[in-house]
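Here is the structure we will look at, set down as structure tokens.
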Amino acid sequence: MTTTAGDQHRSVDGRLATWRQSLTRSTAHLLDRPLTSYYLLLGASTLLLTIGLMEVLSASSVDGYENHGSSYYWFLRQLTWVVLALPVAFLATRMPHRVLRWFAWPGLLVAVVLLALTQTSMGVSVNGNQNWLQLGPLRIQPSEIAKLAIILWCSQVYARKERLLDDWRHTLVPVLPVSVLIVGMVVLGGDLGTALVLMAIILGMLWVVGAPARLFVGSLVTVGVLALYLATTSAERLQRLTNFTNPFKDYQGAGWQPAHGLFAMSSGGILGKGISASQQKWGALPEAHTDFIFAVLGEELGLVGTLLVLGLFLTIAYAGIRVAVRTRDPFVRYMAAGITVWLMAQMIINVGMVLALLPVIGLPLPLVSYGGSALLPSLVALGLLLSFARSEPGAQAALQARRRRRAAGVTAGSPGGRARRPR
């Protein structure tokens, strides 16, 4: 029998279709496992934190050597924060949800007090923003703590009012007045970037609880108008707002930082120049290890590295949404959604700044940029997400089964557990 070219072509197409169906079924089966969210969150967070430490070391080495006498100055400070934050994040993964809910009101109160203290003699001005607090040898940014505090408090309020949320008034009171207070205190310190992230969190929470579309759209328009107004209250912010689409228009002024961020990204190419090979970190790019670390990452790791980082953030987003959708606990649903909105909104704003798609408003890239005040709350939030992922349907049973298998393997491998050979 003679085989024609058409038969061979159909045979190849059939094998490809079978392979695609098999891959689709395998992927669906893998994603449907009880611990999928847990492992995705753990893996993506660990990789982002590792990449962040690597890039902080590279991006800050020149500044550390010139201004502090050691190329490892900023890296060691960031590593110290990581060492301090990881045990706290681990405790967050083990915290019972009912205990976590007890911290809602105290956490909000602490955030309000700390934000108020920034406007006193204890406050410290950095880059024109009075949003830092000096507590002895420790300098913190209370607005970073406020992000987690507002999510926790809103989740507690909405969980308690779960049966009343069909009435739109219950979606706004008391959440909206308290949120306006928090955002106002942040704006008072001049931190427009964090204020925008807080607004995004609040809008995200309203959307999750099912606020009417007209209310959501109205809130979105109000936030946009307010953000534009706040930007015009500062000559520097207004200049950045009008020049961000074309940084080279004011290259020697407001366009200097975004222009050199674009230089870094464009010179990285597909594979990048290599780790520690950035040229922009040698003084041309301001805030290379904080707000613009994504530019250094793009220069050293290229398009592949930037897509990897974005993919890891999207993995966290997928896992966070999956946890929110699969849980039966309304408090967990709102917390998981709020944390996901927070991290993704801040990532989008930071990357948009570096790519000159958004004005430069001074926001770090979560888990990657230098900064202990931002890193600690972010890791605690991810620890809480891991805790929620462990409580997904079937996840606890899967973890217990895995522990039993490990225990059985250890017992079988121990000298006392090995079967004796007959003599």
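The values are calculated or read from the model by the stated rules, or taken from the named source; none is laboratory data. Predicted model only: the values in this text are computed from it and were never measured. Here the Cβ is made from the backbone with ideal geometry for all residues, glycine too, and neighbour counts use every protein chain on show.
Considering only segment 155-194, state which residues are among the hydrophobic types (A, V, I, L, M, F, W, C) and within 20 Å of Val217 (Cβ to Cβ). Scanning segment 155-194 gives Leu165, Trp168, Leu172, Val173, Val175, Leu176, Val180, Val183. Remark: pairs (first residue in segment 383-409, acidic (Asp, Glu); second residue assigned to a helix (DSSP H, G or I) and surrounded by 12 or more Cβ atoms within 10 Å (Cβ to Cβ); Cβ separation under 9 Å; 6+ apart in sequence or on different chains) = Glu392/Thr36; Glu392/Ser37; Glu392/Tyr38; Glu392/Arg322; Glu392/Val323; Glu392/Arg326.
Pick from Val296, Val332: which is touching a His at 6+ places or on another chain (Cβ under 7 Å), surrounded by 15 or more Cβ atoms within 10 Å (Cβ to Cβ) and under 29 Å from Pro377 (Cβ atoms)? None of the other options fit; the residue is Val332.
Just one of Trp105, Trp132 is buried (at least 20 other Cβ atoms within 10 Å of the Cβ) and aromatic (Phe, Trp, Tyr); which is it? Give the steps one after another, and end with the answer.
Details: Trp105 fails: buried (at least 20 other Cβ atoms within 10 Å of the Cβ).
Going through Trp105, Trp132 in turn, just one is buried (at least 20 other Cβ atoms within 10 Å of the Cβ) and aromatic (Phe, Trp, Tyr): Trp132.
Tell me whether segment 117-127 contains one or more residues that are surrounded by fewer than 17 Cβ atoms within 10 Å (Cβ to Cβ) and on the phi > 0 side of the Ramachandran plot.
If we filter segment 117-127 for residues that are surrounded by fewer than 17 Cβ atoms within 10 Å (Cβ to Cβ), which is where we start, we get 117, 119-122, 124-127.
Those left that are additionally on the phi > 0 side of the Ramachandran plot: 127.
Yes, because at least one residue in segment 117-127 is surrounded by fewer than 17 Cβ atoms within 10 Å (Cβ to Cβ) and on the phi > 0 side of the Ramachandran plot.
Considering (1) outside the structural domain of Ala195 (by TED's automatic domain parsing); (2) in a helix (DSSP H, G or I); (3) modelled with pLDDT under 95; (4) of a type in the set (Phe, Trp, Tyr), the lone condition that Phe313 does not fulfil carries the number (3). Contact map, segment 299-323: residues that are touching a residue at least 40 places away in the same chain (Cβ under 8 Å) and crowded, with 20+ Cβ neighbours inside 10 Å paired with residues that are of a type in the set (Ser, Thr, Tyr) and in a helix (DSSP H, G or I), Cβ distance under 7 Å, separation 6+ or inter-chain. Pairs shown: Glu300/Ser58; Ile316/Ser45; Ala319/Ser37; Gly320/Thr340; Val323/Ser37.
For segment 183-238, a tally of residues being more than 19 Å from the chain's Cα centre (by Cα), modelled with pLDDT under 90 and not in a helix (DSSP H, G or I) returns 7.
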